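Structure first, then comments.
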Amino acid sequence: MPNYNEAPFTGRVPTYDELNWPALIALRNLGGSGSIAEHLTQVIEEQEVPEEIAALPHGKTGRSELEYRLAWARTALRRCGYVENSARGVWSLTEAGENATPEELKARISELRAVDHKKYLERSQGAEEDDGGSGRDIDWRDELLDVLRRMSPDAFERLSKRILRESGFVKVEVTGQSGDGGIDGTGILQLSLMSFHVLFQCKRYQGSVGPGAIRDFRGAMMGRTDKGLFLTTGTFTSEARREATRDGAPPIDLIDGVGLCEKLKELRLGVGVELVEEVDIKRDWFDLI
């Protein structure tokens, strides 16, 4: 097990174990909860991850290796009972996670590995396979991102248009084919008594989107609207995220590949979710009768 008192980022992407404690601390420093993108950014900033390390790709999935391993760290923390996640992709600390220590985390991880090893032996002897949900929330995103990247540019723009409409936008128009200065479409977001004119850009990237792309997009926005939305199947570098919210400049909301997958799941667009009832007998409860 790693020494959680030492920074794991030493010119390489940290191992899954090395990310567990930084992942927990990052959620604490976010105030107890955060989206996947916020969590990734927080870990990068707190651990002072070099951009070249944060941007290393995980194969051809369109996600960074750090992002992929951090997803496994969150899954490990959830299995420990330290975090939980909502259907909207927000991860939150539990009371146990708020108070956990590095020593307790190590012990809990060791316990889970013993359980996993026992299950592995049972499966090897012909027992019914059951992974306890340890990786189900990771693989589907990689599969979905592969599908999205294989779409034609026109189809991806139509999908983006559908997402916006399902999210409350009206008068959504795709303008990307007209070479409109990097603007792929426009729409109006209605919020109760208020509405906002939004320009959006949607790109099927496999790597990371840097700050230059954000500045170019903002330049195309100038004089036309004060709100922008950038959707991509790739990731955003930490510099790109900072540029998107830079003081004194029109803000640009960012939706990366993982966020795009979560939104499609939330809206049930091309993603089916099967709910399986699981009955748990609480023996301790009956002992108290």
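A Förster distance of 51 Å, applied to the separation of the beta-carbon atoms of LEU288 and SER195, puts the FRET efficiency at 0.40.
Pulled fully out, how much extra length does the chain show between ARG165 and GLU122, if you take 0.36 nm times their separation in residues and subtract their Cα-Cα distance?
Working: separation 43, 0.36 × 43 = 15.48 nm, distance 4.83 nm.
Roughly 10.7 nm would be gained on extension.
Rolling a 1.4 Å probe over the protein heavy atoms gives the chain an accessible area of 55 Å² per residue. Mind running the shape call on the chain? Use the C-alpha gyration tensor, a ≥ b ≥ c as the square roots of the eigenvalues: rounded below 1.5 for a/c, prolate if a/b tops b/c, oblate otherwise. It comes out prolate by the Cα gyration axes. Relative contact order of the chain, taken over Cα pairs closer than 8 Å and 6 or more residues apart, is 15 percent. For the chain, what % of the accessible area comes from carbon and sulfur atoms, probe 1.4 Å? Roughly 49 percent of what the probe reaches on the chain is carbon or sulfur. Taking label positions 7 Å along the Cα-Cβ direction at both THR175 and MET222, the computed distance is 1.7 nm, reported to one decimal.
Give the longest segment of the chain that steers clear of trypsin sites (Lys or Arg not before Pro) in DSSP loops with at most 12 neighbouring Cβ atoms within 10 Å, not counting the sites themselves. Please list the in-between numbers first.
Values: sites that count: ARG12, LYS60, ARG88, ARG150, ARG268, LYS282.
That gives 151-267 as the longest site-free run.
Taking GluC sites (Glu not before Pro) as exposed when DSSP calls them loop and at most 10 other C-beta atoms lie within 10 angstrom, the chain has its longest site-free stretch at 130-273.
A simple spin-label model places pseudo-atoms 7 Å from Cα toward Cβ; at VAL271 and THR15 they are separated by 3.1 nm. For the stretch 241-289, the square roots of the Cα gyration tensor eigenvalues, ordered a ≥ b ≥ c, give a/c of at least 1.5 with a/b no greater than b/c, which places it in the oblate category. Between SER110 and VAL147, the distance separating the two model label sites (each 7 Å from Cα on the Cα→Cβ line) works out to 4.3 nm.
The phi-based Karplus calculation (6.51 cos²θ - 1.76 cosθ + 1.60; θ = phi - 60°) puts the 3J(HN,Hα) values of the stretch 143-150 at 5, 5, 4, 5, 5, 5, 6, 7 Hz, whole numbers, x for Gly and Pro.
Could you tell me which of rounded, prolate or oblate describes the stretch 20-117, using a ≥ b ≥ c as the square roots of the eigenvalues of the alpha-carbon gyration tensor, with rounded for a/c under 1.5 and, failing that, prolate when a/b is larger than b/c and oblate otherwise?
Values: a/c = 1.66, a/b = 1.36, b/c = 1.22.
It is prolate, given that a/c is not under 1.5 and a/b is the larger ratio.
Report for the chain the percent antiparallel among DSSP-assigned beta bridges with both residues inside it, nearest 5. So the antiparallel bridges amount to about 60 percent of the total. Along the stretch 45-58 the Karplus relation, 6.51 cos²θ - 1.76 cosθ + 1.60 evaluated at θ = phi - 60°, assigns HN-Hα couplings of 6, 5, 8, 6, 6, x, 4, 5, 7, 5, 8, 4, x, 9 Hz to successive residues, with x for each Gly and Pro. Could you tell me which of the pairs LYS106/LYS263; LYS106/LYS282; LYS60/LYS227; LYS60/LYS106 are separated by over 28 angstrom between their Cα atoms in the structure shown? From the list (LYS106/LYS263; LYS106/LYS282; LYS60/LYS227; LYS60/LYS106), the Cα-Cα distance tops 28 Å for LYS106/LYS263; LYS60/LYS227; LYS60/LYS106. For VAL209, the amide hydrogen comes within under 5 Å of the amide hydrogens of THR235, PHE236, THR237, counting only partners 5 or more places away or on other chains and with H modelled in the peptide plane.
The values are calculated or read from the model by the stated rules, or taken from the named source; none is laboratory data. Treat the numbers as computed from the prediction; the structure is a model and nothing was measured. Counting neighbours? That spans all protein chains shown, and the Cβs are built from the backbone with ideal geometry, glycine included. The area values use the complete protein model at the heavy-atom level, side chains included, leaving out ligands, DNA and RNA. Shrake-Rupley method; radii C 1.70, N 1.55, O 1.52, S 1.80 Å.
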